[in-house]
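Shown next, in structure tokens, is the structure this report addresses.
What follows draws every value from the coordinates through simple rules; no lab data is involved. Only a predicted model underlies this, so the values are computations on that prediction, with no experimental measurement involved. Here the Cβ positions follow ideal geometry from the backbone for every residue, glycine too, while neighbour counts run over all protein chains shown.
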Amino acid sequence: MSLRIYEDIQAARQTLLRRQRVLAWDDVPQSVRASIHRVFGAQLTPSQAVARILDDVAERGDAALREWTERIEGVQIDHFEVERTSWERAFLALPADLAQALELAAERIRAFHARQPIASWTTNDLGGTLGQRAVPLARVGVYVPGGSAPLPSSLLMAAIPARVAGVREVIVCSPPQRESGQVHDVILAAAHLARVDRVFALGGAQAIAALAFGTESVPRVDKIAGAGGLFTTLAKREVYGVVGLDGVYGPTETVVVADESANPTWVAADLLAQAEHDVLATAILLTPSRALAESVRAEVERLLGRLGRAEVIEQALAGQGGIVLTPDLETAVRLADEFAPEHLCLSVRDPARWAEGVQHAGGLFLGEHSCEVLGDYVAGPSHIMPTGGTARFASPVSVLDFVKLVNVIALDAETASQISAGAERLAQAESLSAHAAAAAARKPNHIPSD
């Protein structure tokens with residue numbers, strides 16, 4: 001496989017760097033279509049399939065969860081909740097080096113988010129007392145993928161910030177394994193370390209439905225956090241408004257901006273690591289150096305054959321991967337900022353200087369030692385970040401996702417009387433006579449009209 005090099009920036013903008021609006025039905029892989037037909041006995045779009053599951057779980061609760069889990073996962077489950085004692089057993093059974101790695105990640109995630117400033121505040125400068133209270137959410141659901149590649153790191157990256165924020169109850173849903181009917185042991189170990197409250201063996205759209213609507217076994221949550229596959233993402237989008245969301249995430253993506261000083265082996269390794277996630281993952285290099293571009297392409301070809309998920313990587317790089325040659329580094333940074341990637345890696349001399357030109361990125365990785373893989377696992381900030389260009393307006397998961405602000409208004413009598421005329425006039429302009437009357441009642445020397 002040869003990674004394509006784009007020499008025409010406009011051509012790159014129209015292809016590699018073009019943001020697709022939505023996944024069209026024609027773009028849905030045949031394997032997904034076949035799976036939908038097998039489960040539903042009809043040719044439904046993914047959105048239609050998800051809508052059926054959501055409606056059924058909302059109506060029938062646990063009975064629907066059991067049916068859909070058997071039909072989709074191929075697993076029969078009587079009790080969805082995983083006993084707490086099994087979490088600790090799973091952790092104690094881990095190889096020592098894996099347990100230490102999870103502990104390192106948990107410690108650094110907790111330490112990072114504990115430093116995030118979140119505070120209630122008040123002022124008496126505007127008459128009486130005005131301010132805001134930062135209130136932790138009462139109950140949060142965390143979805144953790146657990147299929148071919150179980151992701152304990154994703155549990156830590158969502159559950160620990162929620163805990164730091166003071167969320168009273170953190171609930172985890174993760175798919176049952178076909179062989180055992182239970183949640184993967186490494187995810188249970190992560191649940192133990194993250195100090196969550198409950199774990200349920202539920203995956204896909206049915207898990208999102210259970211968290212959003214509640215069932216006999218699964219309590220309804222206030223917000224759902226965590227990324228997942230196509231059906232999980234569609235389900236999250238559908239239940240927004242019934243429940244809060246951290247975001248709606250698409251396939252993962254990395255843009256590397258590099259100059260001639262970059263190590264081509266490291267750059268290639270970072271692109272391959274990104275492409276390994278999913279056949280729809282995006283891995284792009286922007287560089288003004290033709291020599292680096294050629295070296296990175298050669299290194300990608302050399303390293304690819306050694307990797308276990310080579311087939312996935314090849315599909316991802318063929319579909320959403322490439323190298324763009326730019327006239328200078330400034331253009332490369334500008335193109336990256338326009339793309340607004342989930343991860344933006346600056347493998348350049350003086351990365352802090354070039355970072356000043358970046359406004360749109362979920363995570364900004366400065367210098368070659370700050371590789372994305374370290375951010376994925378152990379750096380500290382949550383790796384759940386905005387995708388699909390939503391970094392233009394969205395933020396990574398943080399403690400802020402797990403608190404809400406309550407406005408506090410405690411005006412004194414003098415201030416209320418002083419500003420009530422303004423409120424009355426605005427209410428009149430909006431043709432809200434009851435509003436106007438309520439404001440007028442607070443005016444000094446007010447005489448009610450008959």
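Considered as an equivalent ellipsoid built on the Cα gyration tensor, the range 84-247 has semi-axes of 30, 21, 12 Å, the largest given first. Placing a label point 7 Å from the Cα of Thr415 along the Cα-to-Cβ direction, the residues of the range 111-140 whose backbone N falls under 14 Å of that point are 121-132. Screening the chain for whole DSSP H helices with an alpha carbon extent of at least 18 angstrom along the helix axis and a mean Kyte-Doolittle hydropathy of at least 1.0 yields 152-165. Legend: calculated FRET efficiency, Val28 to Thr265, from the Cβ-Cβ distance at R0 = 41 Å, rounded to 0.05, equals 0.70. Cα centroids of the range 360-415 and the range 227-258: how far apart, whole angstrom? The distance from the Cα centre of the range 360-415 to that of the range 227-258 comes to 15 Å. In the range 194-349, Cα pairs under 8 Å separated by at least six residues give a relative contact order of 24 percent. Of all the C-alpha pairs in the range 235-309, what % are more than 19 Å from each other? Percentage above 19 Å: 47.
Of the beta bridges in the range 84-247, as assigned by DSSP with both residues counted there, near 15 percent are antiparallel. What separates the Cα centres of the range 40-88 and the range 91-115 is a distance of 31 Å.
A Förster radius of 25 Å, combined with the Cβ-Cβ distance separating Arg290 from Arg349, puts the computed FRET efficiency at roughly 0.90. Using only the Cα atoms of the range 289-336, build the gyration tensor, take square roots of its eigenvalues as a ≥ b ≥ c, and label the shape rounded, prolate or oblate: rounded if a/c is under 1.5, else prolate if a/b is larger than b/c, else oblate. Oblate, because a/c is 1.5 or more while a/b does not exceed b/c. Counting Lys and Arg as +1 and Asp and Glu as -1 over every other residue whose Cβ lies under 12 Å from the Cβ of Leu286, the net charge comes to -3. Across the range 37-160, C-alpha contacts under 8 Å between residues 6 or more apart give a mean separation that, scaled by the residue count, equals a relative contact order of 14 percent. Its residues counted as N, the range 246-286 yields a C-alpha radius of gyration over 2.2 N^0.38 Å of 1.30. Full extension of the chain between Glu356 and Ile118 yields a length gain of 83.1 nm, computed as 0.36 nm times the residue separation minus the alpha carbon distance. Considering every alpha-carbon pair of the range 354-446, the percent of pairs per 10 Å bin, from zero through the bin containing the longest distance, is 14, 24, 14, 12, 19, 14, 2, 0. Each peptide among 217-224, 423-430, 187-194 gets the average number of other Cβ atoms lying within 10 Å of its residues, and from highest to lowest they stand as 187-194, 217-224, 423-430. Looking at the chain, the DSSP beta bridges with both ends there are about 25 percent antiparallel.
Based on alpha-carbon atoms, the Kirkwood radius and the radius of gyration of the range 221-359 give Rg/Rh equal to 1.05. Counting charges near Ala273 (Lys, Arg +1; Asp, Glu -1) among other residues having Cβ under 9 Å from its Cβ returns a value of -4. The convex hull of the Cα atoms of the chain, projected and averaged over all directions, covers 27.8 nm². Couplings 3J(HN,Hα) for the range 342-359, derived from phi with the Karplus relation 6.51 cos²θ - 1.76 cosθ + 1.60 (θ = phi - 60°), are 4, 10, 10, 10, 9, 9, 9, 5, 6, x, 4, 5, 6, 5, 5, x, 9, 10 Hz, where x marks Gly and Pro.
Take every pair of alpha-carbon atoms less than 8 Å apart whose residues are at least six positions apart; their mean separation over the length of the chain yields a relative contact order of 18 percent. Each label point was placed 7 Å from the Cα along the Cα-to-Cβ direction; for Leu432 and Val242 their separation is 3.0 nm.
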